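Shown next, in structure tokens, is the structure this report addresses.
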Amino acid sequence: CVLCGRTDDCPEKYGEKRTYVECNLTVHYYCLLMSSGIWQRGEEDEGVDGFLIADIRKEVNRAAKLKCNICKKKGASIGCVASKCKRSYHFPCGIQRECIFQFMEDFRSYCWEHKPVQTFTDEEPRGASQCTICLDLVEHLPLYTVLKSPCCKNAWFHRECLQYQALSAGIFFFRCTVCNNKDKFQKEMLRMGIHIPERDASWELEENAYQDLLHCYQHCDVKRCLCKKGRDYNEPDSKWEIKRCQYCGSRGTHLACSSMKSWEQNWECMECRSIFAKSGKYGKRRKRSLPISEKTNGTTCLLEEPSPKSPRRSSGSQRNFLLQSPKITCQNNLSPCSHLELRASDRVTMSLSPVRSNRNRPLTQRCLREQRREVCNILKELKVQVNTKTTRLNINAENIWSSALKGFRQRSFSPTNTIEISFSNCKNRSKTNTSASKHHFFQLLTLHLQNSSLFEGSAAKNLSLDFQAVKENLYFEAGKMIAVSLVHGGPSPGFFSKTLFDCLVYGPENVKPTLEDVADVDVAQTIKTIEYANSLPSLQSTIQDCYEFLAAAGCLRPVTALCDKNMLVNDILIYHVIKRIILPLESFRQGLKTLGVLEKMQMHPDAFSSILCHKPERLSAETVCDLFTIHSSSDVNKVKGADFWMGYLQDVESGESVVTLEDILLFVTGSSYIPSIGFDPQPTIKFLHMSYPIGNRLLNCLELPVTKTYQQFKNKMELTIRNTLRVERE
């Protein structure tokens, strides 16, 4: 390009790249439009869309004298229109530096310092929501890459998504994707630098774009097509005539393949049946039952229509609670489980044994300790991002979740700031701000998350489906809190199931759930009933009893052999454990990306599994002893004091003391647990000639008295630790 000097051919960024061989001229359309010293003096068919070739060459000569304030090279043809601003730059450099180019009126350009910005009020919710174009999460922050709708309160977009949408829709169809407002929306987007071309939409310009709508669907979609001439064969007025679904018309079947005697009989595809089952209207419609004896080539069509000998249960049957459960009925946009990415031949039967598979075989304590040491080093690498600027969170211990959520969503909060915790008590308004506050806060927060409605299960938990939480973006906040807790010295969560962890690390499409992942007792019982069916009739009867549930889950499939139950069980497990919670899972993953935690999890899955899927190791005398490094003014004091110290830890572990190992750790460090990231600085012990022990939490240093006997040492330890912690609790 003669104006910017780049060879890039990217119409979305720089406009169409045009070359005129006869004039020896190549130029980006946007570079030409935004240049400050050129105007369209010709007609539309003259030069380059009205820009005369002679004028373009004059502009090139003018720009050759101007240096770009960004790349420091000559040829900067665009200048900031703000008064007294003398910055000049190339168009691509301006895009890179986040300048604003207004494709309207005088085609003004604003540098990074004078560019227009959108206003953000304090009432607007913080956090993140879905971009309504790409459906990925977009954070509510005043960034160049983020734009909010001027007409809808909760509509947020990625700038790049809006630009692609504008180029595709054109000036006649570009409008707010939420409320359909056109004038106000376009005016704001033009002000913020979105280029809206003055042309019709791309889909309107495509030749024969709607030709496919004139074709009738003619394909047999029944799982086992009986026609020897293929699924696309259609012979009118015969048993091989294709009948389309009476509701959607986008699925079909040969009359013989669905045991229909005549064209007059109605037929519905499985997708439409599933929708009716979810809405509760399926049982109200008139059914045409076929006798069991009606077969085609000896093959039954179990799920096409029910036999009168095994009628479906009424809406008041004992299985109806499955359909009424909000965890099932609210899933209106999930495709049937049989349409998963995995081929049927590639699926493996899920084990229903209460014993976990090899993937969950307990790790030895030695292996876990090695992996936790590895995680400790990784988290220390991530903590380098944390700066000395502090953010104070005012936390009400009686309502830990609400106050934590408010703190994390406040505008001044940043995960890279040092966090200070100020506890307040609603009863006496007293506040504390000790070194123990942050450790105690993260411990309470982790415990609340573990027992919250965002997760389900007993010990190993999966994400639950809470639509109110999805609406309020709480899954994102939960993931963010866990990530921040790990990097800032919080405890190991230890409650993730292996399935949840694998979904986060490897992606839900690569995970195979087991029956242990099903927290709903009724759903688990239904799966067991199908799995333990020992004959084809009993299996078919079970499916009829569970018809509403299977339809709601999108897992209906023809069953012609007993072995088909394995694939059916797979479909139910994948739906209930993974597909049902795909929105919460994606939101939770986005939260875990905070401070780069999720990326490290994916790079070191075995290491992070040790702190996310396994409970923290219980404190022992050996663990606490290894945690401290002993310093002493003399070798005699060091040896003698170390013996007393180890003996005291063993007494505490065996219950021969009024304090616990957690109390000792709290006395020294302000934390009753060992953080995943470890202590900083490393805990130390000093033996000094003093009356009573002192815990220096700022340095994580335990100063111990030198005593003549062990009993004196023990008495002083217990008296000091017990009284100090009692005063703190009061």
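The values are calculated or read from the model by the stated rules, or taken from the named source; none is laboratory data. Please read all numbers here as calculations on a predicted model, not as lab measurements. Glycine gets a Cβ as well: all are built from the backbone with ideal geometry, and neighbour counts include every protein chain shown. What goes into the accessible areas is simple: the full protein's heavy atoms, side chains included, and nothing from ligands, DNA or RNA. Shrake-Rupley method; radii C 1.70, N 1.55, O 1.52, S 1.80 Å.
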Some residue of the stretch 118-137 being open to solvent by 20 Å² or more (accessible area, probe 1.4 Å), under 17 Å from Lys13 (Cα atoms) and part of a loop (DSSP other than H, G, I, E, B): no
Unmet criterion (only one of (1) outside any loop (DSSP other than H, G, I, E, B); (2) in contact with an Asp or Glu (Cβ under 7 Å, 6 or more places away or on another chain); (3) farther than 27 Å from Thr418 by Cα) for Leu725: (3)
Among (1) closer than 20 Å to Met646 by Cβ; (2) open to solvent by 50 Å² or more (accessible area, probe 1.4 Å); (3) not in a loop (DSSP other than H, G, I, E, B) - the single one Gln682 does not satisfy: (3)
Number of the condition not met by Ile171 [criteria: (1) surrounded by 17 or more Cβ atoms within 10 Å (Cβ to Cβ); (2) touching a helix residue (DSSP H, G or I) at 6+ places or on another chain (Cβ under 9 Å); (3) touching a residue at least 24 places away in the same chain (Cβ under 8 Å)]: (1)
Conditions (1) surrounded by fewer than 18 Cβ atoms within 10 Å (Cβ to Cβ); (2) over 30 Å from Asn473 (Cβ atoms); number of the one not met by Gly641: (1)
Contacts under 7 angstrom Cβ, first residue in the stretch 447-470 being closer than 22 Å to Gly490 by Cα, partner open to solvent by less than 20 Å² (accessible area, probe 1.4 Å) and acidic (Asp, Glu), 6 or more apart: Asn462/Asp517
Residues being of a type in the set (Ser, Thr, Tyr), surrounded by fewer than 23 Cβ atoms within 10 Å (Cβ to Cβ) and at pLDDT 90 or above - total across the stretch 555-605: 1
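Residue-by-condition table, conditions (1) in a helix (DSSP H, G or I); (2) under 18 Å from Val577 (Cα atoms):
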site: Asp522; (1), (2): yes, yes
site: Ser538; (1), (2): yes, no
site: Ala552; (1), (2): yes, yes
site: Pro558; (1), (2): no, no
site: Ala561; (1), (2): no, no
Selection status of Leu226, surrounded by 13 or more Cβ atoms within 10 Å (Cβ to Cβ) and out of contact with any Phe, Trp or Tyr (no Cβ under 6 Å at 6 or more places or on another chain): yes
Answer residue from the stretch 707-721, given it is out of contact with any Pro (no Cβ under 8 Å at 6 or more places or on another chain) and in a helix (DSSP H, G or I) and is surrounded by the fewest Cβ atoms within 10 Å (Cβ to Cβ) among those: Gln711
Qualifying residue in the stretch 606-626 (condition: at pLDDT 90 or above, among the charged types (D, E, K, R) and closer than 13 Å to Phe501 by Cα): yes
